[in-house]
Amino acid sequence: MTGQHQGEPAAGSANGHGGDRRAQMFQAGRRPGGGEPTVVPDAEFRSYYGRPVLKAPVWEWKIAAYLFAGGLAAGTAVVGAGADLTGRPQLRRASWLGSFAALLASMWFLVSDLGRPERFHHMLRVAKPTSPMSVGTWILTAFGPGVGAAAAAELIPPRWRRSWPARLLRTLSRPAGLFSAATAPGVASYTAVLLSHTAVPGWNEARGELPFVFVGSAAASGGGFGMLCAPLEEAGPARAFAAVGAAGELLASRVMEHRMGLVREVYQQGHPARLRRASELLTAAGLAGTALLAHRSRAGAAASGLALLAGSALQRFGVFHAGVESTKDPRYVVIPQRERLNRG
């Protein structure tokens, strides 16, 4: 018997190394609960040549800045409308001007990233309720004119306020501003819906909670801006709005991470985790300062407002980068899909 000594087990026999390997594989593949065993262990997913399954978003940091600026515009619009209704002129002026400036900044960031300004105009050719982009474009179109009118009314020089154009503008600006404030929640949340309706796992898996995170962040930044710019005696509504928004943002963010499955990892490691950890610390510090210091100290109110603004910005950048990172590992695409199929 060439190549085999007498008494040596044959290759692949039950007593040989091949048989041991098969037995180990059989035991490794035994399913819990007494189901049919498999003869191979569970496979570890790999894509072709280790390449990502999804193409990473081509958006730059300008989109994250657009998300923050749009939320700030919405939050300050609500504060401005509240100040108008409660007779707080300095808070009203600061909020409407801040809202208009943030709106212009958000539009610049968006158009700059798109590369062609006419693309925004082209979106207005149709209204498609099933498209978050189409709905968001129309929400912005409804929101912008009222904010612009309210801001323009605040810029009228005192010597011109008795002229009929100034009186007409001031008469029209109030209902226009209130209408914009009514659409502000849509402005604050539509970007979250837009992100979560993409195939990017880090955003799609957060679709249930991300709008609440963005709305809370917008409220915290809008209230923080009012605390920063208005005197203490007028900033009461801004403080209340900031506190509610910051608490809502922190709660919704924790619920979001708790509910997510494997994709939670991209929010808890690397650059996105550092951004969101800093956001949480700043937002919590701003919330504490709002509750303890902002009503009695101008410096405390300004510091709390700045902390809330910075926390809101970092929240948007953290979510943005987490989504980008989630496209780089095929596991975050395939495993959640398999889990959904198994649940179905």
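The values are calculated or read from the model by the stated rules, or taken from the named source; none is laboratory data. What you see is a predicted model, and the numbers here were worked out from it, not measured in a lab. Methodologically, a virtual Cβ is constructed for each residue, glycine included, from the backbone with ideal geometry; neighbour enumeration extends over all protein chains shown. Quick note on the areas: whole protein, heavy atoms, side chains included, nothing else; ligands and nucleic acids left out. Shrake-Rupley method; radii C 1.70, N 1.55, O 1.52, S 1.80 Å.
Descriptive notes on the structure:
- Sole residue being farther than 30 Å from L85 by Cα and buried (at least 21 other Cβ atoms within 10 Å of the Cβ), chosen from S304, S279: S279
- Among the residues of segment 203-217, those identified as out of contact with any Ser or Thr (no Cβ under 6 Å at 6 or more places or on another chain) and surrounded by fewer than 24 Cβ atoms within 10 Å (Cβ to Cβ) are G208, E209, F212.
- Verdict on A220 being modelled with pLDDT of 95 or more and open to solvent by 10 Å² or more (accessible area, probe 1.4 Å): no
- Given (1) at pLDDT 95 or above; (2) over 16 Å from the mean Cα position of the chain (by Cα), index of the condition H295 fails: (1)
This table checks each residue for (1) out of contact with any strand residue (DSSP E or B) (no Cβ under 9 Å at 6 or more places or on another chain); (2) at pLDDT 90 or above; (3) among the basic types (K, R); (4) outside any helix (DSSP H, G or I).
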{"position": "A153", "(1), (2), (3), (4)": "yes, yes, no, no"}
{"position": "A166", "(1), (2), (3), (4)": "yes, no, no, no"}
{"position": "A181", "(1), (2), (3), (4)": "yes, yes, no, no"}
{"position": "P185", "(1), (2), (3), (4)": "yes, yes, no, no"}
{"position": "A206", "(1), (2), (3), (4)": "yes, yes, no, yes"}
{"position": "F214", "(1), (2), (3), (4)": "yes, yes, no, no"}
